[in-house]
Amino acid sequence: MEEYGASSSPGARPGLDARFFARSVHRVAPELIGAVLMIDGVGGVIVEVEAYDHEDPACHGFGGRTERNAAMFGPPGRAYVYRSYGIHWCLNVVCEPEGIASAVLIRAIEPTLGLEAMQARRGLSDPRLLCAGPGRLCQALGITRAHDHARLDTSPFALLPRAAEVPLAVGPRIGITKAADRPWRYGLARSRFLSKPFPR
């Protein structure tokens with residue numbers, strides 16, 4: 001893996017910046033497994049994502065730019081936040097050069113930082129259920145439409161690269177009808193914090 005980083009305090013691990021995201025969504029997505037995502041210091045280790053590229057009929061940008069999906073068209077390294085089924089917010093990270101609508105949906109994290117804040121927002125105590133799914137994750141981290149277009153390398157976001165290679169699980173994406181057979185869902189193998197187990 002190449003080195004990508006933004007400026008940070010001495011001794012701290014550099015955060016992922018726009019250069020990391022300005023690549024194929026299919027390279028970025030698996031490399032996000034094991035990275036650390038935080039919002040105002042609350043978050044944890046990314047354990048599940050899905051890739052959506054601009055030629056993918058399941059991608060929100062496939063039919064062209066709208067007010068709702070404008071963040072998907074760049075610049076890379078920004079947040080694209082949308083509401084699913086009119087109920088849940090979902091966080092995506094925008095990839096590829098500006099003008100190309102590709103993004104990675106963050107499906108689940110292992111909560112490790114700010115557990116009390118996440119438990120209060122979710123109204124439950126079981127760490128395994130705090131962030132297992134994109135809607136749960138956004139509720140636990142306090143992510144809303146207000147974060148749409150936000151840069152991922154500046155406050156309130158922090159996104160740190162994984163410290164080492166991790167074992168990956170790969171399978172079809174969840175909850176879609178178009179291009180549902182494409183193996184563009186990636187997860188941390190054997191993690192108990194996934195939204196759904198991977199097929200064996």
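The values are calculated or read from the model by the stated rules, or taken from the named source; none is laboratory data. No experiment lies behind these values; they were computed from the predicted model shown. Using ideal geometry, Cβ is built from the backbone for each residue, glycine included, and neighbour counts are taken over all protein chains shown. Please note that ligands, DNA and RNA were not included when accessible areas were found on the heavy atoms of the full protein model with its side chains. Shrake-Rupley method; radii C 1.70, N 1.55, O 1.52, S 1.80 Å.
For this structure, a couple of remarks:
- Close pairs from segment 138-155: first closer than 17 Å to ASP17 by Cα and aliphatic (A, V, I, L, M), partner assigned to a helix (DSSP H, G or I) and open to solvent by less than 80 Å² (accessible area, probe 1.4 Å), Cβ under 8 Å, at least 6 apart: LEU152/PHE21
- Residue within segment 42-63 that is open to solvent by less than 10 Å² (accessible area, probe 1.4 Å), among the β-branched types (Val, Ile, Thr), in a loop (DSSP other than H, G, I, E, B) and modelled with pLDDT of 80 or more present: no
- Of all residues in segment 143-178, exactly one satisfies the criterion of being closer than 21 Å to ARG192 by Cα, in contact with an Asp or Glu (Cβ under 6 Å, 6 or more places away or on another chain) and buried (at least 18 other Cβ atoms within 10 Å of the Cβ), namely ARG173.
- If the condition is being among the polar types (S, T, N, Q) and touching a residue at least 60 places away in the same chain (Cβ under 8 Å), then segment 90-112 contributes SER102, THR112.
- Residues (outside any strand (DSSP E or B) and touching a Gly at 6+ places or on another chain (Cβ under 8 Å)) located in segment 76-105: ILE87, GLU96, PRO97, GLU98, GLY99, ILE100, ALA101, SER102
- Pair list, Cβ < 7 Å and 6+ apart or interchain, from segment 13-25 residues that are farther than 10 Å from ASP153 by Cα to residues that are at pLDDT below 95 and surrounded by fewer than 18 Cβ atoms within 10 Å (Cβ to Cβ): ALA22/PRO97
- Among the conditions (1) at pLDDT 95 or above; (2) of a type outside the set (Gly, Ala, Ser); (3) assigned to a loop (DSSP other than H, G, I, E, B), the only one that ARG128 does not satisfy is (3).
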